[in-house]
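I have placed the structure first, in the form of structure tokens, so that the comments after it can refer back to it.
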Amino acid sequence: MIGNRLEDRLRMARIARSSITYALALVLLLAVGGTAPAQKDDTLHTASRTELDVVKVVLAQEKAWNAGDLDGFVKGYKDSPDTLFIGNQISKGYAHIVEDYKHLYFTRASMGTVTFSELEAHPLDDTFAICLGKYHLDRSKKEGGPADGVFSLVLEKTDQGWKIILDHRT
């Protein structure tokens with residue numbers, strides 16, 4: 001009887017030790033990224049007319065910026081007192097946003113060259129869409145050096161086409 005109890009306790013100890021070992025192995029495996037690889041989304045996506053039109057706004061801004069055309073760049077924003085730019089500070093209203101751009105980028109050298117990448121347009125309905133992406137600003141160290149970040153835009157379809165009503169950059 002005592003021998004059976006002892007055997008039972010030893011068996012339970014081995015099971016517990018084995019369970020702990022497996023649990024620790026699983027934790028370590030997950031901690032070092034040993035999970036099963038995520039499936040790649042290699043499916044092709046045909047962009048809708050709205051997605052193309054939204055991305056065109058951003059690409060037109062990139063082209064204007066790189067040509068040193070700040071006035072052309074800000075045409076991507078809706079000329080409204082409700083338009084917002086969120087960066088290091090919040091600028092409200094088209095006029096204020098334009099003023100901020102002209103203050104910060106007063107020379108062609110201070111503008112540098114911008115590249116937008118990984119653009120994703122997401123229509124919300126017939127009137128509003130979101131555009132996500134990354135930017136890289138290349139300029140001399142004297143002019144502030146390079147800058148990288150991400151952005152999210154909310155655009156509204158207006159009589160003048162798609163216009164940015166909220167620009168959030170980090």
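The values are calculated or read from the model by the stated rules, or taken from the named source; none is laboratory data. Being a predicted model, the structure only gives us computed values, none of them experimental. Positions of Cβ are backbone-derived with ideal geometry, glycine not excepted, and every protein chain shown enters the neighbour counts.
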| Restricting the range 82-96 to residues that are in contact (Cβ under 8 Å) with a residue 40 or more places away in the chain and not charged (D, E, K, R), which is nearest to residue 138 (Cα to Cα)? | 87
| Is it true that some residue in the range 60-72 is free of Cβ contacts under 8 Å to residues at least 24 places away in the same chain and in a loop (DSSP other than H, G, I, E, B)? | yes
| request: Scan (1) in contact (Cβ under 8 Å) with a residue 40 or more places away in the chain; (2) within 17 Å of residue 51 (Cβ to Cβ) for the single condition residue 117 breaks and write down its number. | output: (1)
| Do we have residue 57 as of a type in the set (A, V, I, L, M, F, W, C), at pLDDT 95 or above and in contact with a Lys or Arg (Cβ under 8 Å, 6 or more places away or on another chain) here? | yes
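Please find, among 132, 153, the residue that is among the hydrophobic types (A, V, I, L, M, F, W, C), in contact with an Asp or Glu (Cβ under 6 Å, 6 or more places away or on another chain) and over 16 Å from residue 94 (Cα atoms). Please lay out each step first, then the result.
On the way: 153 fails: over 16 Å from residue 94 (Cα atoms).
Unique residue meeting the criteria: 132.
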| note | Within the range 51-100, the residues that are buried (at least 19 other Cβ atoms within 10 Å of the Cβ) and either hydroxyl-bearing (Ser, Thr, Tyr) or outside the structural domain of residue 152 (by TED's automatic domain parsing) (or both) are 77, 83, 91, 94
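When you go through 20, 15, 86, 2 one by one, which is the residue that is at pLDDT 95 or above and either on the phi < 0 side of the Ramachandran plot or in contact with a Ser or Thr (Cβ under 7 Å, 6 or more places away or on another chain) (or both)? Before you say what the answer is, go through the steps one by one.
Working: 20 fails: at pLDDT 95 or above; 15 fails: at pLDDT 95 or above; 2 fails: at pLDDT 95 or above.
Residue meeting the stated conditions: 86.
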| remark: Exception for residue 94 within (1) over 21 Å from residue 54 (Cβ atoms); (2) touching a Ser or Thr at 6+ places or on another chain (Cβ under 8 Å) falls at (1)
